[in-house]
1. Going by alpha carbons, how many degrees (0 to 90, nearest 10) lie between the helix axis of 24-44 and the longest principal axis of the chain?
2. May I ask which residue of Leu14, Gln42, Cys57 lies farthest towards the positive end of the charge dipole of the range 1-77, with charges of +1 (Lys, Arg) and -1 (Asp, Glu) on Cβ and the Cα centre as origin?
3. Write down the Å³ per residue value for the convex hull defined by the alpha carbon atoms of the chain.
4. Which peptide among 187-194, 39-46 comes first, and what is the full order, when sorted by highest mean count of other Cβ atoms within 10 Å?
5. How far apart, in nanometres, would the label points at Ile180 and Gln413 be if each is projected 7 angstrom from Cα along the Cα-to-Cβ direction?
6. Can you give me the distance in nm between label points at Lys17 and His438, each placed 7 Å from the Cα along the Cα-to-Cβ direction?
7. Considering only the chain, what is the antiparallel percent among its DSSP beta bridges, to the nearest 5?
8. Using the 10 angstrom Cβ neighbour count as an exposure proxy, how do Asp429, Asp85, Asp394 rank, fewest first?
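None of the figures in this text is laboratory data; all of them are computed from the coordinates on show. Quick caveat, the model's predicted, so the values are computed rather than measured. No Cβ is skipped: glycine too gets one built from the backbone with ideal geometry, and neighbour counts run over all protein chains shown.
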Amino acid sequence: MDMYSETDFEKIDLSQKPPREEPERQYYYIARCREWVREFKQKNGRPPCFFTQTFGCQMNARDSEKLEGILRQAGFEEAGGENADFVLYNTCTVRENANQRVYGRLGYLNALKKKNPHMLIALCGCMMQEPQVVEKIRKSYGFVDIVFGTHNIFKLAELISRRVEEQHMVVDIWKDTKQIVEELPAERKFPFKSGVNIMFGCNNFCSYCIVPYVRGRERSRKPEDIIAEIQRLTEDGVVEVMLLGQNVNSYGKNLEGSVTFAQLLRRVEEIQGLKRIRFMTSHPKDLSEELIQVMKESKKICHHLHLPVQSGSSRILKAMNRRYTKEQYLELVGRIREAVPDISLTTDIIVGFPGETEEDFQETMDVVEKVRFDSAFTFIYSRRSGTPAASMEDQVEESVVKDRFDRLLRRVQEISTDVCARDLHTTQDVLVESLNDHLEGYVTGRLGNNTVVHLPGDASLVGTIVPVYLEESKGFYYMGTAGQEP
Ligand code: 5AD
Ligand code: SF4
């Protein structure tokens, strides 16, 4: 048993001062919120409800599960939409125009709040780590109740308590932190799979990227804490975990008694009941031979690597501060494929980085031809203020970028259609994830390499791994039937 599941929130003595230590301090504030929820129920004849909207990456998605875990423990119930008593936006700021969307949504929330004056509006996530954003919210969006950042999400209950007592906007942003608070509640979107943070932050400072500025320096969780969390999850029915970090290959570097990512994976592999291990994201410069070996030997690690290349031009890669060349990337892919021949590779590519010429772009196309990615997330370069690349000369003209982007996307999709069909007419294990949204009597799941499969079945299959014969390839997904080849 762990500290969190042993805590009886009803027995916490609120006449005492809040403890200084974490997570006890947050348990105390969760208990306080529960009191407030009780009063709310008495007044309104129902519990307060919450709505969270998450923008951006898997890190944010996992953070939102933690935030929702705290809200639920505090007694809030989930609402169907934004017309809720507590609305939380977990924001992203990777691309310059993402901020505009949030400001737009806030206008709409303000209108809702006028009709429901006790509504609380909270903003958190990467965008809030930018001082000019917080300034703007203080000045022009005075109806917002709580603003916090990426480093202190564990404090949500404390911030709500403060807002209720102080009756004005509560702003709490940390520039960076070394602290990792364990043993707090977390929700799960799926009962049978879960993300697990293994590290936070990023030290790479790719010249286009805002993440190191808003997520702070790299911090790894202790292996014991990670293993204990996954053990708890498996006891609770989880069969697949996604180990999360901006750069999982540098896991462990800041920990005493050095442990590598590959060693961590070996320990996760031993957890009983766990069937599939995924991880993301891998930085090519830090992907070790040891990791390739572990993937080769493992029975549980999925044969899938997300390995962002960003550009195929060594000159542009240097300007991006990626610290590998085109040749090194291709060589790495070669070594991985040799060890794990059926590996599925996916990537991120940015088009139109400052100074990118048609020749540079052709180098990117060449990598796409040579590697033949299962899929690629393609991005138009966004001139993200606050990053070194934003002040570089030779920003590429929009129409040129658009044209390159279209050519790249077309080719990526053609290759993807071919590559994804490679398991056609074979039987593969599928983790069934949900009932099919469109086809009655069908369920939807994923292969180890992450490709989607639809097959006839009912709710009893959800959360189980079944062998499926892949009958028909539809480009990005398969149609199959449970059981062996007919
Ligand atoms: N412009 C375009 N794409 C970006 N990414 C990060 N920063 C930018 C930017 N300024 C992309 C990278 C990264 C992915 C998560 O987002 O490809 O791998
Ligand atoms: Fe951004 Fe580069 Fe860190 Fe990824 S590795 S989060 S692209 S700085």
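1. 70 degrees
2. Selected residue: Gln42.
3. Values: hull volume 80.3 nm³, N = 486.
For the chain, the hull spanned by Cα atoms encloses 165 Å³ per residue.
4. On the way: 187-194: 17.1, 39-46: 10.8.
The peptides rank, most packed first, as 187-194, 39-46.
5. 4.0 nm
6. Between Lys17 and His438, the simple spin-label model gives 6.1 nm.
7. Values: 21 of 63 bridges.
Roughly 35 percent of the beta bridges in the chain run antiparallel, per DSSP.
8. Numbers: Asp429 14, Asp85 20, Asp394 11.
Result, fewest neighbours first: Asp394, Asp429, Asp85.
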